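One structure is given below, encoded as structure tokens.
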Amino acid sequence: MGQRPQLERLTAVDQQPHGRIRDIRVYRPSFLGMVLLVCTPFLIFGAAQVYGATATILLALAWLVLFGLGCRWFMSHPRRVVIVAVLSMLCWVAVVLVAQ
């Protein structure tokens, strides 16, 4: 035993230390949602000529709010991150359809 026994190796019968993620698969929806959220600005700024500067600024602000929600809910509510990402893409699709 060293000076900090809580950091020593765990044996087969010991519990995992507090705060450690037991199964990372729980957060798959969070990662998927973040990937979708990161793709959305490319859509927003790539099609900015279709709907103009005002809609681009509004979409960018809406995306920032939704990205903040996604970051906030990443660990606590993984499925909500996917919903937020789909909502951001739906906002973009709606603006493109209205602009045409």
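Coordinate-derived values only; no laboratory data. Just so we're clear, the structure is a prediction, and the values are computed from it rather than from any experiment. Note that we place each Cβ from the backbone using ideal geometry, even for glycine, and neighbour counts take in every protein chain shown.
Some points to look at:
- For segment 68-84, taking the residues that are of a type in the set (A, V, I, L, M) and within 10 Å of S30 (Cβ to Cβ), the one that is surrounded by the fewest Cβ atoms within 10 Å (Cβ to Cβ) is identified as M75.
- Pairs with Cβ under 9 Å, 6+ apart, first in segment 20-32 and within 16 Å of H77 (Cβ to Cβ), second small (G, A, S): S30/G70; L32/A85
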